[in-house]
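These notes concern the structure reproduced below.
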Amino acid sequence: CLELFRAGCSAARRSGHCSSRARGTRCPPVATMPGVRPTVLLAFALSSPLLAATSSRFGTGHPVEQVIGLLQELGQKAKEQGKEEEVLYTKFEHWCANSRGTLDKAIAQEKTLIEQLSHAVASHQKREEVLKADIAKLGKEIQALDAEASQVAQVRDEARALYAERSAAHSNTIQAIHDAIAVLEQSKADTATLMVLRRSVGRVVALLAASGASQRARDQLSAFAEEDFDPKERPDLKGSGDQSGHVQEYGFKSQSVIELLKELKLKFEDELTAMSTEETSAENAHQLAQTARDQLKSARLASRDEQESALGATEQERVQAQADLDSAQGDLTADSESLRTTGQACDMK
């Protein structure tokens, strides 16, 4: 276009047909175009399809004027396109800078988030291990409390049975002694109740053997129960008023036996009272221990429930943290790839 412009100007000068618009245009001297023959350029311009295209847009003026007008229009369009390209290039540079900055910032945040989530996942895993260990420990403690309660209950049942047996034996002994004393006091001078007396004393002796009475007391009562109580011949009564002088005298000494039985009865009553007191204390202690054990078990159960609830929550938090970590890692991979492709595009320009 520049060559055509210069050729048109030179031809116009020589022919004197430059219009006012053409004359107002600065044409470079022909001498500045070495090796170019103006007549050839002019012929090319006049025969160029450009001339036919400009004839319809610039009227029927001189062909050179039409070429000049076309060249001026092309120059203006070139300037406008250059400005547009400059604006687009500036926008492109701005986009590259913003994209790289945004991606760099996002990648840095994602790396920080990944580090935080990795620590969170590890922390949750450690927390789960601790909770599981605590739950297992509490389970063993609860089992131990149950085993202890079962063993103590068995021992207590045996102690109750022994107390019931011993208290029954003492009660029977006390009752037998009481009956024997009553028979002895009634039969001091009466042989009619001899067999009843022997049975009562014999039953006492048997009970004393089971109740742990002294050997001396048992021997004395046994001798008394086995003593021959046959009475002397009873003489015929000869008259009234002399009955007291003819009453048969018996050879057994009941009073000493009565005193011995009373002592034994008091002894067994004291022992029964002591046994009852001891059993009551043992039963109360057992109930207190059982209550304390039940309370401790309840506390262990509540703690285990709490730990299991915490374990469930921790597992959910770990799963969520792991999902967030996987998502962040995926975002980091995608943003890193976007930064690479963006860098390649921006570096090509």
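The values are calculated or read from the model by the stated rules, or taken from the named source; none is laboratory data. Everything quoted here is computed from the prediction, not taken from an experiment. Cβ atoms come from the backbone with ideal geometry, glycine included; neighbour counts cover every protein chain shown. Protein only, heavy atoms only, side chains kept; ligands, DNA and RNA dropped before computing areas. Shrake-Rupley method; radii C 1.70, N 1.55, O 1.52, S 1.80 Å.
Only one of the listed residues (149, 133) is out of contact with any helix residue (DSSP H, G or I) (no Cβ under 8 Å at 6 or more places or on another chain), small (Gly, Ala, Ser) and assigned to a helix (DSSP H, G or I). That residue is 133. Cβ-Cβ distances below 6 Å connect the following pairs, each with a first residue in the range 263-276 that is basic (Lys, Arg), a second residue that is part of a helix (DSSP H, G or I), and a separation of six or more residues or different chains: 265/174; 265/177. Only one of the listed residues (296, 288) is under 29 Å from residue 158 (Cβ atoms), free of Cβ contacts under 8 Å to residues at least 60 places away in the same chain and open to solvent by 50 Å² or more (accessible area, probe 1.4 Å). That residue is 288.
Which of the residues belonging to the range 145-187 are among the hydroxyl-bearing types (Ser, Thr, Tyr) and free of Cβ contacts under 8 Å to residues at least 24 places away in the same chain? The answer is 150, and nothing else.
How about the range 76-104: which of its residues are surrounded by 11 or more Cβ atoms within 10 Å (Cβ to Cβ) and either at pLDDT below 70 or among the β-branched types (Val, Ile, Thr) (or both)? Across the range 76-104, the qualifying residue is only 102.
Out of all the residues in the range 268-278, is one or more out of contact with any Phe, Trp or Tyr (no Cβ under 9 Å at 6 or more places or on another chain) and farther than 29 Å from residue 184 by Cα?
Yes, the range 268-278 contains a residue that is out of contact with any Phe, Trp or Tyr (no Cβ under 9 Å at 6 or more places or on another chain) and farther than 29 Å from residue 184 by Cα.
Out of 144, 78, which single residue is in a helix (DSSP H, G or I) and within 28 Å of the chain's Cα centre (by Cα)?
Working: 78 fails: within 28 Å of the chain's Cα centre (by Cα).
Testing whether each residue is in a helix (DSSP H, G or I) and within 28 Å of the chain's Cα centre (by Cα) leaves just 144.
For first residues located in the range 305-329 and among the β-branched types (Val, Ile, Thr), partners that are in a helix (DSSP H, G or I) and open to solvent by 80 Å² or more (accessible area, probe 1.4 Å) and lie 6+ apart or on another chain with Cβ distances below 6 Å form the pairs 314/127. Of 182, 168, 164, 176, all but one fail to be farther than 30 Å from residue 287 by Cβ, at pLDDT 70 or above and loosely packed, with under 15 Cβ neighbours inside 10 Å; the exception is 182.
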